[in-house]
Amino acid sequence: MTYRGHMRAALVLGLPLVGSHLAQFMVQVTDTLMLGWYGVQELAAVTLGGTFFFILFIMGSGFAWAVMPMVAAASEEGDDTRVRRITRMGMWVSMGVAGTVLPLLWFSAPILQAMGQKENLALIAQEYLRIAAWGMFPALMVMVLKSYLAALERTRVVLWTTLIAAILNGLLNYALIFGNWGAPELGVRGAAIASVSLQVVSMGALIVYAIRVLPEHGLFHRLWRPDWEALGEVFRMGGQIGLTSLAEAGLFSASTVIMGWIGTLELAAHGIAIQIVSLFFMVHVGLSNAATVRAGRAVGRRDEIGLRRGAGAVLILSIGFALAAVAMFLAVPEPMIGIFLDPDEPLRADILVVGSSLLAVAALFQFADAAQVMTLGLLRGVQDTRVPMVIAAISYWGVGVPISYVMGVRWGWGGEGVWMGLVLGLALAGILMSWRFWAKSSRIAA
């Protein structure tokens, strides 16, 4: 297959995944948008609470992501039994993770206060998380089912399910946060109820699809029976992927904590800027998922040339989008940030200034971020997860977080200094992971 053919195949598989990730992320954007209209204090508190939830969710999602390359390779080999075994045990481990983190979310206020956050913000965040915590179970189940379906290249159902859930979340947020349409005004609790509702709906829709459209896999037939060998495989790879994701998510979560030390206004601006950057990042994540599936299938058929050409194709696509993101961050930062704020908000002008400077810094790490997430997806596709875990830990926690603290707090550079730490951490990860993939690509499909 030519490079153009690989690009076309990656887009056919990846665009529905991009759309799914964008729709899923719109849930968080909607929460931020509507809570920004509701009040800056509520926005800052849910930024803290949402960050805490996300870091635990992203760690638990590692076991779901482990399902994707293993199912892709097994499907390419025609091994339906292995497809079923891996997916089932992905569900088992994910539900175990959800139960394990539930107490941390329920008693989150003391944890947030121990991290230096203000008491009033920590209590509001806990109020949000005590409801949102119950959504961890369906949310992780959805991640497993999405990985399973993506590995089988059935991405349209993932897209449509996520789109419908995002619309439902927006409607419920509008009703429950502000008390519209006769609903009670619940503020941050309303946002949490909306999030849990859409996660349950998404899980139900994907379960029905898997049972009715793919009965040959029998995913839910005698689901209670353990498969220790497959569980061990999922646990080992998923643990490494989860820790890698935790290192990256932890970098951004640590930046949120550091912003909270600097000030509530800076934290609110950071929360908005992170939403915008992450929204653009979802395109890279969707393409990275496509890269994982296609790399996994290349491994299944022992196609070294196809693996390398496919990798080059998705990297070109990702870099092209990074160019567009840089242009947007530099050209129109204030209109993007202003969407998240009430026109009558007294702090609006100050938040626009801080947020615009953060997006200018974000433009610096777009190419590095694209490189690291794409090569990470490729490495997962060839089931190489241990070394990337080490690279992530060194890049994000050995370099990124300390520099964010020193520049932002010690040197007094504020938000821009915190985000410079993100730039340097992501750049190092992008360089090292790219080197890892291309150095091994001539051997990993053999």
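The values are calculated or read from the model by the stated rules, or taken from the named source; none is laboratory data. In this text the structure is predicted, and so the values were computed from the model without any measurement. Glycine gets a Cβ as well: all are built from the backbone with ideal geometry, and neighbour counts include every protein chain shown. The area values use the complete protein model at the heavy-atom level, side chains included, leaving out ligands, DNA and RNA. Shrake-Rupley method; radii C 1.70, N 1.55, O 1.52, S 1.80 Å.
With the full set of protein chains in place, find how many percent of the accessible area of segment 279-358 is carbon and sulfur; take the probe as 1.4 Å.
The nonpolar share, carbon plus sulfur, comes to 67 percent.
Report P(r) for segment 134-222: all Cα-Cα distances, bin width 10 Å, range 0 to the bin holding the largest distance, values in whole percent.
17, 42, 25, 13, 3
Stick to Cα atoms and the Kirkwood definition of Rh, then tell me Rg/Rh for segment 4-91.
Values: Rg = 18.2 Å, Rh = 16.0 Å.
With Rg and the Kirkwood Rh in hand, the quotient comes to 1.14.
Taking 2.2 N^0.38 Å as the expected size of a compact globular protein, what ratio does the Cα radius of gyration of segment 371-446 give against it, to two decimals?
1.29
Kindly provide the Kirkwood hydrodynamic radius of segment 301-446 in Å, to one decimal, from all pairs of distinct alpha carbon atoms. Let's see the in-between values first.
Working: mean 1/r = 0.0588 Å⁻¹.
After inverting the mean inverse Cα-Cα distance, the result is 17.0 Å.
Could you work out how far helix 156-178 tilts from the main Cα principal axis of the chain, as a 0 to 90 degree angle to the nearest 10?
Here the helix axis deviates by roughly 20 degrees.
Could you state the principal axis extents of the C-alpha atoms in the chain, from the largest down, to the nearest angstrom?
61, 45, 36
If you line up the long axis of helix 348-362 against the longest principal axis of the chain, both from Cα atoms, how many degrees apart are they, to the nearest 10?
Long axis of 348-362 versus the principal axis of the chain: about 30 degrees.
Out of the chymotrypsin sites (Phe, Trp or Tyr not before Pro) in segment 183-285, which ones are loop residues according to DSSP with at most 14 other C-beta atoms within 10 Å?
Here the sparse-neighbourhood loop sites are 220, 224.
Between the helical axis of 80-106 and the dominant principal axis of the chain, each derived from Cα atoms, what acute angle in degrees is found, rounded to the nearest 10?
Tilt of helix 80-106: around 20 degrees.
Using only DSSP helix segments of four residues or longer, with each worth -39500 (n - 2.57), what per-residue ellipticity at 222 nm results for the chain after dividing by its residue count and rounding to 500?
Details: 17 runs with 362 residues, N = 446.
After summing the helix terms and dividing by the residues of the chain, the value is -28000 deg cm²/dmol.
If one computes P(r) from the Cα atoms of segment 123-276, what percent of pairs lie at distances over 26 Å?
44 percent
Taking loop as defined by DSSP and a crowding limit of 12 other beta carbons within 10 Å, which trypsin sites (Lys or Arg not before Pro) in segment 170-250 fit? Don't jump to the answer; show the numbers that get you there.
Numbers: sites: 189, 212, 222, 236; in loops: 222.
Answer by residue number: 222.
Restricting attention to the alpha-carbon atoms of segment 196-308, what are Rg (one decimal) and Dmax (integer), both in Å?
That works out to 19.8, 55 Å for Rg and Dmax.
Equivalent ellipsoid semi-axes for segment 231-293, as square roots of 5 times the alpha carbon gyration tensor eigenvalues: give them largest first, rounded to whole Å. Spell out each step's value before the answer.
Details: eigenvalues 171, 58, 7 Å².
Sorted largest first and rounded, they come to 29, 17, 6 Å.
How long are the semi-axes of the ellipsoid equivalent to segment 248-357, from square roots of 5 times the Cα gyration tensor eigenvalues, in whole Å, largest first?
38, 16, 9
What is the Cα convex hull volume of segment 198-240 when expressed per residue in Å³?
Per residue, the Cα convex hull of segment 198-240 comes to 105 Å³.
Could you grab the Rg to Rh ratio for segment 44-172? Cα atoms only, Kirkwood for Rh. Before the final figure, lay out each step's value.
Values: Rg = 17.2 Å, Rh = 16.0 Å.
Across segment 44-172, the Cα-based Rg/Rh ratio is 1.07.
Tell me, what % of the accessible area of segment 118-270 is carbon and sulfur with a 1.4 angstrom probe?
Result for segment 118-270: 64 percent of the exposed heavy-atom area is carbon or sulfur.
Roughly how many Å² is the accessible area per residue of the chain, as a whole number, for a 1.4 Å probe?
Computed with neighbouring chains in place, this is 38 Å² per residue.
Counting Lys and Arg as +1 and Asp and Glu as -1, each charge on the Cβ, what is the dipole of segment 1-128 about the Cα centre in debye, to the nearest 20?
Approximately 340 debye in magnitude.
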